[in-house]
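Colleague: Take this structure, written in structure tokens, and hold onto it; I'll ask about it next.
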Amino acid sequence: MQLDTKATMMFQAQKKSVFVAYLLYVFLGAVGIHLLYLKQWFRFLILALAFGLAIDALIDHQYQAALVFWIVYGLSQTFDLLFLWSSVNRTNNRIIKKLEKIS
């Protein structure tokens, strides 16, 4: 189904950019800002929780626990590096579907 002109304009205003997502990943990715940009709240919470628990475990000298949390954090960051473009496309497709329902 084709989007009408108003819906197309709304999509242009709401769509997410792969370039911006990668810029956020490079400069603020350690704290997950790129996930907030894509409105991936659950993944952001998992990343923030793993990061926070890893720091806490290091402070408490629990190195094995810290290693587990750093591995989860590292896997999440690696996944984002490889598949961030796909996440942007999924987010844009969700926007299109939402606009089609409105139209």
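Bear in mind these aren't lab numbers, they're just calculated from the coordinates by the rules spelled out. Since the model is a prediction, treat every value here as computed from it, not as a measurement. Every residue, glycine among them, receives a Cβ derived from its backbone with ideal geometry; neighbour counts consider all protein chains shown.
Colleague: Work out from phi, with θ = phi - 60° and the Karplus expression 6.51 cos²θ - 1.76 cosθ + 1.60, the ³J(HN,Hα) of each residue of segment 44-51, listed in order in whole Hz, and give x for Gly and Pro.
Modeller: Result, ordered by residue: 4, 5, 4, 4, 5, 5, 4, 5 Hz.
Colleague: Taking R0 as 30 Å, what FRET efficiency do you get between Leu28 and His61 from their Cβ-Cβ distance, rounded to the nearest 0.05?
Modeller: 0.55
Colleague: Looking only at Cα atoms, what is the convex hull volume of the chain per residue, in Å³?
Modeller: Looking at the chain, the number lands at 92 Å³ per residue.
Colleague: Let me ask something else about it. Hey, what angle do you get for helix 5-14 against the long axis of the chain, alpha-carbon based, 0 to 90 degrees rounded to 10?
Modeller: Helix 5-14 sits roughly 20 degrees off the main axis of the chain.
Colleague: Over the chain, what is the relative contact order in whole percent, taking alpha-carbon pairs under 8 Å and six or more residues apart?
Modeller: Relative contact order, the chain: 39 percent.
Colleague: Right, something else. Taking the alpha carbon gyration tensor of segment 14-56, what are the square roots of 5 times its eigenvalues, largest first, to the nearest whole Å?
Modeller: Taking √(5λ) for each eigenvalue gives 21, 12, 5 Å, largest first.
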